[in-house]
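Q: One structure, pasted below without further comment.
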Amino acid sequence: MSASIAKSGSPPVHPVNEILPSGKLFTLGFQHVLVMYAGAVAVPLIVGRALQLTPEQVAFLISADLFVCGVVSIIQSFGATRWFGIKLPVMMGVTFAAVGPMVAIANSNPGVEGARMLFGAIIGAGVISMLIAPIVSRMLRFFPPVVTGTIILVIGVTLMRVGINWIFGNPVGPTAPKLVDPAHAEWLETVRAMGGTVPEVPAGLTLAPTFSNPAYAAPINIAVSAIVLVTILLVARFGRGFVANVSVLIGIIVGGIIATFLGMMHFDRVAGAEWFELVTPLRFGMPIFDPIMILTMTLVMIVVMIESTGMFLALGEMCNRRIEQRSLAAGLRTDGLGTLIGGLFNTFPYTSFSQNVGLVGVTGVRSRFVCVAGGAIMIVLGLIPKMASLVESLPIAVLGGAGIVMFGMVAATGIRILAKVDFQRNRNNLFIVAVSLGFGMIPLVAPNFMMWMPHAIHPLVESGILLAAIMAVLLNAFFNGTALVAAEDEARAAAMAADGGH
């Protein structure tokens, strides 16, 4: 339906502004929720565990994320004054682009204190993003497909490490491949207890882990991850339409059922969780505002807003609605507002989910009120702690099989965007991708490379995503310049290609 007529003789209603019957509105809105759900809950799981929070605290992060997803989706789709909201069918969720920097901050500052620092950085970046939104809307020239494609590729490759660790076990902690041999530890304690009869044990002496850990790469975990992965691939191959779009969610559900039968999944915390609980702001205490961390997250937000720009332009074309500069600035300002709200409500930076943009193309339904309904459903889910506790109870092996697909799709999206880049006539584009990709791999291959650098700049340089983004922008400016030639068309084409990453 291209338009509907409310009453005889009244002007036609644009499909974007069409209000569908309540039953259809709920069904289509729930469809959008299912498409984004797996990606929406992945980030709080990753960051919460990197912060070494308790299971109850991680479950709260999931609830807060779902709640803010809903609030910001409503603001973006419905609009709030002329300053906020693109007023198109957009579902908002936590961006994977911020995961690398956030995990780096979490690893350096674990616990509640680290959470307060992280949320302070997110709040600061949200405020700055709202202020610079009109400027960023004019920065497309600095982010052609060769830059955005490279950045998204590095995001996917960086996140792949998380998915692989979900399968085999984290390289540190209880699932580390090697542990200190208990016999060696007992010997060292005996020597220390001998006092003056033997030379004093040097201060800071620790034993090297040499004992193979049976919890690492456990065959049962690998088997569960493989079943989840195979399920996703089978659904993607043989499913049609909406079913294929939720293949990852189906795979996780199948994995959860199998894990339950194998005794790997326990529901004690689910049973103890409340059926209803309000999501309260500043749950972890007053945020800590670190200037370098705020700068780090602001750089991430600039990249996120450029991605959103392309997404909005592509969505405008799909909806047959031209996106004007003021509307674009309002949409990007909402990215910043969502990030500010996220920081206040103990969650993370927000952007438009490209899977949902792709769903608009699949269903042909362009009403923004469908995403308003989807936002309302997300708010309700965020107010049900049992739902978040259920997700938190999933064994990481279940998430591992899904992580390979989710994060691999982000990398594949970057490759799809790069496929539209002219490497034949402009070989300099090869240098941009090659060098930027190399810089993005530095923290993965040599995580201690900044050990002699000032500690204050560590948040800026320990994320491969940021290093790759900075290098790609600088090298593109060096080789190709920054002329504003078909920037909107290129961004739109890149966003059309990016229907699997966010």
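The values are calculated or read from the model by the stated rules, or taken from the named source; none is laboratory data. Given the structure is predicted, the values throughout are model-derived calculations rather than measurements. Every residue, glycine as well, gets a Cβ built from its backbone with ideal geometry; the counts of neighbours run over all protein chains shown.
Q: Step by step: first the residues of segment 13-36, then only those that are in a helix (DSSP H, G or I) and in contact with a Leu (Cβ under 8 Å, 6 or more places away or on another chain), then the one that is surrounded by the fewest Cβ atoms within 10 Å (Cβ to Cβ). Which residue is that?
A: Top of the filtered list is 34.
Q: Another question, if that's okay. Say whether the condition of being over 23 Å from residue 82 (Cβ atoms), surrounded by 24 or more Cβ atoms within 10 Å (Cβ to Cβ) and of a type in the set (Ser, Thr, Tyr) is met by at least one residue in segment 348-366.
A: Looking for residues that are over 23 Å from residue 82 (Cβ atoms), surrounded by 24 or more Cβ atoms within 10 Å (Cβ to Cβ) and of a type in the set (Ser, Thr, Tyr), one finds at least one in segment 348-366, hence yes.
Q: Please state which of the following conditions residue 183 fails to meet, knowing it meets all the rest: (1) touching a Pro at 6+ places or on another chain (Cβ under 7 Å); (2) more than 23 Å from residue 396 (Cβ to Cβ).
A: (1)
Q: Separate question: Return the total of residues in segment 212-248 being at pLDDT below 85, part of a helix (DSSP H, G or I) and buried (at least 19 other Cβ atoms within 10 Å of the Cβ).
A: Of the residues in segment 212-248, 3 are at pLDDT below 85, part of a helix (DSSP H, G or I) and buried (at least 19 other Cβ atoms within 10 Å of the Cβ).
Q: Just to be sure I understand, how many residues within segment 330-367 are in a helix (DSSP H, G or I) and modelled with pLDDT under 90?
A: Qualifying residue count, segment 330-367: 10.
Q: Go through segment 83-102 residue by residue and tally those that are out of contact with any Leu (no Cβ under 8 Å at 6 or more places or on another chain) and either over 26 Å from residue 309 (Cβ atoms) or not in a helix (DSSP H, G or I) (or both).
A: 8
Q: Now a separate question. Pick from 444, 394: which is in contact with a Gly (Cβ under 9 Å, 6 or more places away or on another chain), in a loop (DSSP other than H, G, I, E, B), aliphatic (A, V, I, L, M) and under 30 Å from residue 60 (Cα atoms)?
A: Testing whether each residue is in contact with a Gly (Cβ under 9 Å, 6 or more places away or on another chain), in a loop (DSSP other than H, G, I, E, B), aliphatic (A, V, I, L, M) and under 30 Å from residue 60 (Cα atoms) leaves just 394.
Q: Now for a different question. Is it true that residue 113 is modelled with pLDDT of 85 or more, acidic (Asp, Glu) and closer than 24 Å to residue 393 by Cβ?
A: No: the conditions fail for residue 113.
Q: Can I ask one more? Could you pull out the residue among 106, 98 that is within 16 Å of residue 44 (Cβ to Cβ), of a type in the set (Gly, Ala, Ser), in contact with a Gly (Cβ under 6 Å, 6 or more places away or on another chain) and modelled with pLDDT under 95?
A: 106 is the lone residue from the list that is within 16 Å of residue 44 (Cβ to Cβ), of a type in the set (Gly, Ala, Ser), in contact with a Gly (Cβ under 6 Å, 6 or more places away or on another chain) and modelled with pLDDT under 95.
Q: Looking at segment 437-448, which of the residues that are in contact (Cβ under 8 Å) with a residue 40 or more places away in the chain and over 14 Å from residue 105 (Cβ atoms) is surrounded by the most Cβ atoms within 10 Å (Cβ to Cβ)?
A: Taking the candidates together, the pick is 440.
Q: While we're looking at this one, here's another question. If only one of 377, 415 is part of a helix (DSSP H, G or I), aliphatic (A, V, I, L, M) and under 26 Å from residue 101 (Cα atoms), which one is it?
A: Among 377, 415, only 415 is part of a helix (DSSP H, G or I), aliphatic (A, V, I, L, M) and under 26 Å from residue 101 (Cα atoms).
Residues checked against (1) modelled with pLDDT of 80 or more; (2) surrounded by fewer than 24 Cβ atoms within 10 Å (Cβ to Cβ); (3) hydroxyl-bearing (Ser, Thr, Tyr):
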residue	(1), (2), (3)
450	yes, yes, no
458	no, yes, no
471	yes, yes, no
474	yes, yes, no
477	yes, yes, no
480	yes, yes, no
492	no, yes, no
502	no, no, no
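Q: Surrounded by fewer than 14 Cβ atoms within 10 Å (Cβ to Cβ), assigned to a helix (DSSP H, G or I) and not charged (D, E, K, R): is that true of residue 257 in this structure?
A: In short, yes.
Q: Can you tell which of 39, 48, 120 is in a helix (DSSP H, G or I) and over 16 Å from the mean Cα position of the chain (by Cα)?
A: 120
Per-residue answers, yes or no, for (1) surrounded by fewer than 14 Cβ atoms within 10 Å (Cβ to Cβ); (2) not in a loop (DSSP other than H, G, I, E, B); (3) not aromatic (Phe, Trp, Tyr):
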residue: 116; (1), (2), (3): no, yes, yes
residue: 125; (1), (2), (3): no, yes, yes
residue: 135; (1), (2), (3): yes, yes, yes
residue: 138; (1), (2), (3): no, no, yes
residue: 141; (1), (2), (3): no, yes, yes
residue: 146; (1), (2), (3): no, yes, yes
residue: 152; (1), (2), (3): no, yes, yes
residue: 161; (1), (2), (3): no, yes, yes
residue: 165; (1), (2), (3): no, yes, yes
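Q: State which residue is surrounded by the fewest Cβ atoms within 10 Å (Cβ to Cβ) when the search covers only segment 42-65 and only residues that are small (Gly, Ala, Ser) and within 14 Å of residue 348 (Cβ to Cβ).
A: That would be 50.
Q: Hey, could you check segment 1-59 for residues that are modelled with pLDDT of 80 or more and of a type in the set (Gly, Ala, Ser) and say which is nearest to residue 392 (Cα to Cα)?
A: Only one residue tops the list, namely 59.
Q: Output yes when any residue across segment 179-192 is of a type in the set (A, V, I, L, M, F, W, C), surrounded by 11 or more Cβ atoms within 10 Å (Cβ to Cβ) and touching a residue at least 24 places away in the same chain (Cβ under 8 Å), and no when none is.
A: There is at least one residue in segment 179-192 that is of a type in the set (A, V, I, L, M, F, W, C), surrounded by 11 or more Cβ atoms within 10 Å (Cβ to Cβ) and touching a residue at least 24 places away in the same chain (Cβ under 8 Å).
Q: For segment 375-428, name all the residues that are aromatic (Phe, Trp, Tyr) and under 25 Å from residue 164 (Cβ atoms).
A: Residue satisfying the conditions is 407 alone.
Q: Right, here's the next one. Quick check on my filter: what residues within segment 303-329 are part of a helix (DSSP H, G or I) and among the charged types (D, E, K, R)?
A: Passing the criteria: 307, 317, 326.
Q: Further, regarding this structure: Checking residue 68 against (1) under 29 Å from residue 267 (Cβ atoms); (2) surrounded by fewer than 20 Cβ atoms within 10 Å (Cβ to Cβ); (3) β-branched (Val, Ile, Thr), only one condition comes out false. Which one?
A: Status for residue 68: all satisfied but (2).
Q: Please name all residue pairs, on different chains or six or more residues apart, with Cβ atoms under 6 Å, provided the first residue is in segment 38-55 and is more than 18 Å from residue 343 (Cα to Cα) and the second residue is buried (at least 22 other Cβ atoms within 10 Å of the Cβ) and charged (D, E, K, R).
A: Hits for this filter: 55/392.
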